[in-house]
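A.B. asks: Dropping the structure in here first, questions after.
The values are calculated or read from the model by the stated rules, or taken from the named source; none is laboratory data. No experiment lies behind these values; they were computed from the predicted model shown. In this analysis, Cβ positions are derived from the backbone assuming ideal geometry, glycine residues included, and neighbour counts consider all displayed protein chains. For accessibility, only protein heavy atoms count, side chains too; no ligands or nucleic acids. Shrake-Rupley method; radii C 1.70, N 1.55, O 1.52, S 1.80 Å.
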Amino acid sequence: MKGSLRRTLWVGAVVALTATFAPVATAFGAGSVTTTFTKVQDWGTGHEARVTITNGSDAAVSTWRIEFDLPAGSSISSSWDADVTRSGNHYVAVKKSWAGPLAPGTSFSWGYNGSGPYAAPLNCTINGASCGGGGTPPTTPPPTTPPPTTPPDPGGKKIVGYFAEWGVYARNYHVKNIHTSGSASKLTHILYAFGNTTGGRCAIGDSYADYEKAYTAADSVDGVADTWDQPLRGSFNQLRKLKQMYPHLKVIWSFGGWTWSGGFTQAAQNPTAFAESCYNLVEDPRWADVFDGIDVDWEYPNACGLSCDSSGPNAFKNVVSALRARFGSNALVTAAITADGSNGGKIDATDYAGAAQHLNWIMPMTYDYFGAFNPQGPTAPHSPLTSYPGIPQQGFWSDAAIQKLKGKGVPANKLLLGVGFYGRGWTGVTQAAPGGTATGAAPGTYEAGIEDYKVLKNTCPATGTVGGTAYAKCGSNWWSYDTPATINGKMTYANNQGLGGAFFWELSGDTGNGELIGAIKGGLG
């Protein structure tokens, strides 16, 4: 990722629902404890269901175990908030370790995505007692009012955005802004950046921003202020509230980044211990329901970033394999990786194809190719989609990285295309076209040489395109960045290549009405 700017479970194909959809529920009773299966969404080739356990007794239910069968043509492909195992068409769901007892009169819900059309479960039991009262559950109950959920992502494409934990400070960007900008309804996943990797272990990055900061009613997602004695505050609690408002959203905790990747070298010496530490942190009972998995942002395995790693070409594969083994098949395990498509470059240094089998998807960081970290230039767009005459470095464009990864055997649908919601720029430039000389980094609001799209669209509007991205010269400053128009072209490329979707760094760079994320969603549609 970039200097100090740094940056479920289901991967099936879905199509948008029509507005006339009405979910159905199938309820079974087991004494005074009931279990309700609700069809949340059904798009023919797949579906989403919610399972609710309600304790109607006068005593707490310390644990629960639901067993049921699904008819042929319907199966569970992923689940959340319950531990689900399968044997043939028979499923067993048990309470997560972090979920407390079910008090009298309360309910708990877990959910799953399935392949095939929704079908009501058969032979259902809860804690050993019959759920259906000895009969086959009804398969066509009356429709109920649709819940306020958003449709599935377009064409099964993922739209993944980074939320930077430090954005709550100078940038004054909070989880609430994901809601008010309209971005939450367009995203499929949020990457929370970053957790630390110190000492070869997963560790908290910023405890105040993560779970200590008290939010006022005005700054809170749901307009409810934090109290001094509540068990979880900060961005973690705000993300919990956001997920309650947008049930389709999944949140992944990303570890590493440019600054904190050094610990991966030690992690590679004992991947099992590293994975155990990460699992214990991500699944901490205080916030286990917030996160749907873990993301590895190692910059860079067997190569150099802020520090150099020489763990060998199998280190990355070993680390993500250990994470997958510890987190299990239902959790999301993803990775942001280098986009260096040059011969003998960073992609060639690591067995990314071998690692891909353990990952839900891979995000080559197809931005930051060029910038004022070379203060004299030549000026060049930091996120070119394709090559162009005079590009300063061969293999430093998005398509080069995508083709190299595909050529090594990484499935196209496991690759997401990266987009930067910011520009990189130089000053002291006299030439409008790319390839000019410079004297240093252009001034930026938070860091020289970098500026948000929401600022640049007004202060230095794009005047030209090159390599599938945009640039502009304003006075002696030269900037390159993506616009809604160039993003549309990149999404057309992603569709044509059969990619799994797109991701971006990061949410606070967009306009207050989510202009760029709207372009991503529209382009992938």
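A.B. asks: Below 8 Å between Cα atoms, with a sequence gap of 6+, how large is the relative contact order for the stretch 158-524 in percent?
C.D. replies: Averaging sequence separation for qualifying contacts and normalising by length gives 16 percent for the stretch 158-524.
A.B. asks: For Lys317, go through the aspartates and glutamates and keep the ones whose alpha-carbon is under 19 Å away, minus same-chain ones fewer than eight residues off.
C.D. replies: Leaving aside aspartates and glutamates fewer than 8 places away in the same chain, those within reach of Lys317 are Glu276, Asp295, Asp297, Glu299, Asp309, Asp340, Asp348, Asp351.
A.B. asks: Once both labels are modelled 7 Å past Cα along the beta-carbon direction, what's the Glu447-Asn280 spacing in nm?
C.D. replies: It is 3.2 nm.
A.B. asks: Between the stretch 330-403 and the stretch 31-69, what's the alpha-carbon centroid distance in Å?
C.D. replies: 44 Å
A.B. asks: I would also like to ask the following. State the three equivalent ellipsoid semi-axes of the chain, derived from the C-alpha gyration tensor as the square roots of 5 times its eigenvalues, in descending order and whole Å.
C.D. replies: Taking √(5λ) for each eigenvalue gives 42, 23, 23 Å, largest first.
A.B. asks: Moving on. Quote the FRET efficiency, to the nearest 0.05, computed for Gln357 versus Ser130 with a Förster distance R0 of 60 Å and r equal to the Cβ-Cβ distance.
C.D. replies: Calculated value: 0.90.
A.B. asks: Report the full-extension gain for the segment Lys408 to Gln497: residue separation times 0.36 nm, less the Cα-Cα distance, to one decimal in nm.
C.D. replies: Working: separation 89, 0.36 × 89 = 32.04 nm, distance 1.53 nm.
Stretched out fully, the Lys408 to Gln497 stretch lengthens by 30.5 nm.
A.B. asks: Could you give each residue of the stretch 422-432 its phi-based ³J(HN,Hα) in whole Hz, using Karplus coefficients 6.51, -1.76, 1.60 with θ = phi - 60°, and x for Gly or Pro?
C.D. replies: 7, x, 10, x, 10, 10, x, 9, 10, 9, 6
A.B. asks: Taking only DSSP H segments of four or more residues, each worth -39500 (n - 2.57), what value at 222 nm results for the chain once the sum is divided by all its residues, to the nearest 500 deg cm²/dmol?
C.D. replies: -5000 deg cm²/dmol
A.B. asks: Let me ask you something else. Two decimals, Cα atoms only, Kirkwood Rh: what is Rg/Rh over the stretch 32-130?
C.D. replies: Computed over Cα atoms, the ratio is 0.97.
A.B. asks: Using packing as a proxy for protection, rank 179-190, 102-113, 440-451 so that the peptide with the highest average count of other Cβ atoms within 10 Å comes first.
C.D. replies: Numbers: 179-190: 21.2, 102-113: 16.9, 440-451: 18.4.
So the peptides 179-190, 102-113, 440-451, ranked by packing, come out 179-190, 440-451, 102-113.
A.B. asks: Also: Would you please give the residues with an amide H less than 5 Å from that of Leu417, counting only those at least 5 places away or on a separate chain, with H modeled from the backbone geometry?
C.D. replies: Close amide H contacts, sequence-distant or interchain: Gly501, Ala502, Phe503.
A.B. asks: Just grab the label-to-label distance for Ser307 and Arg86, each label 7 Å out from Cα along the Cβ direction, in nm (one decimal).
C.D. replies: Once both label points are built, they end up 4.1 nm from each other.
A.B. asks: Also, I was wondering about something else. Please go through the residue pairs Lys186/Lys213; Lys158/Lys521; Lys241/Lys454 and name each one whose alpha carbons sit more than 18 Å apart in this structure.
C.D. replies: Over 18 Å Cα-Cα: Lys186/Lys213; Lys241/Lys454.
A.B. asks: Give me the aspartates and glutamates in straight-line cross-link reach of Lys39: C-alpha distance below 19 Å, same-chain residues under 8 apart excluded.
C.D. replies: The qualifying aspartates and glutamates are Glu48, Glu67, Asp69, Asp81, Asp153.
A.B. asks: How big is the C-alpha Rg of the stretch 441-516 next to the rule-of-thumb value 2.2 N^0.38 Å, as a ratio?
C.D. replies: Values: Rg = 13.3 Å, N = 76, 2.2 N^0.38 = 11.4 Å.
Normalised Rg, Cα atoms only: 1.17.
A.B. asks: How much length is gained on full extension from Tyr169 to Ser32, taking 0.36 nm per residue of separation minus their Cα-Cα distance?
C.D. replies: Gain in length upon complete extension: 44.4 nm.
A.B. asks: Test of understanding: express the Cα radius of gyration of the stretch 189-337 as a ratio to 2.2 N^0.38 Å, with N the residue count.
C.D. replies: Working: Rg = 16.1 Å, N = 149, 2.2 N^0.38 = 14.7 Å.
Relative to the 2.2 N^0.38 Å estimate, the stretch 189-337 comes out at 1.09.
A.B. asks: Counting other Cβ atoms within 10 Å of each Cβ, which chymotrypsin sites (Phe, Trp or Tyr not before Pro) in the stretch 208-315 have at most 14 and sit in a DSSP loop? Show your work: numbers first, answer last.
C.D. replies: On the way: sites: Tyr208, Tyr211, Tyr215, Trp228, Phe236, Trp253, Phe255, Trp258, Trp260, Phe264, Phe274, Tyr279, Trp287, Phe291, Trp298; in loops: Tyr215, Trp228, Trp258, Trp260, Trp287, Phe291, Trp298.
Qualifying residues, ordered by number: Trp228.
A.B. asks: Just the number, please: Stokes-Einstein D of the stretch 61-104 in µm²/s, Kirkwood Rh from C-alpha pairs, 10 °C, 1.306 mPa s. List each step's numbers first, then the result.
C.D. replies: Details: Rh = 11.6 Å.
Using the Kirkwood radius from Cα pairs, D works out to 137 µm²/s.
A.B. asks: Okay, next question. Could you sort Ile126, Ile204 by their accessible area in this structure, using a 1.4 Å probe and putting the largest first?
C.D. replies: Ile204, Ile126
A.B. asks: Still on this model: Pop out the ³J(HN,Hα) list for the stretch 159-173 in order, Karplus 6.51 cos²θ - 1.76 cosθ + 1.60 with θ = phi - 60°, rounded to Hz; leave Gly and Pro as x.
C.D. replies: 10, 10, x, 7, 10, 8, 4, 7, x, 6, 8, 4, 6, 6, 10
A.B. asks: Against the empirical 2.2 N^0.38 Å scaling, what ratio does the C-alpha Rg of the stretch 337-415 come to? Spell out each step's value before the answer.
C.D. replies: Details: Rg = 13.1 Å, N = 79, 2.2 N^0.38 = 11.6 Å.
For the stretch 337-415, the normalised Cα radius of gyration comes out at 1.13.
A.B. asks: So, one more: Could you work out the equivalent-ellipsoid semi-axes for the stretch 312-363, taking the square root of 5 times each eigenvalue of the Cα gyration tensor, largest first, in whole Å?
C.D. replies: Semi-axis lengths for the stretch 312-363 are 22, 11, 7 Å.
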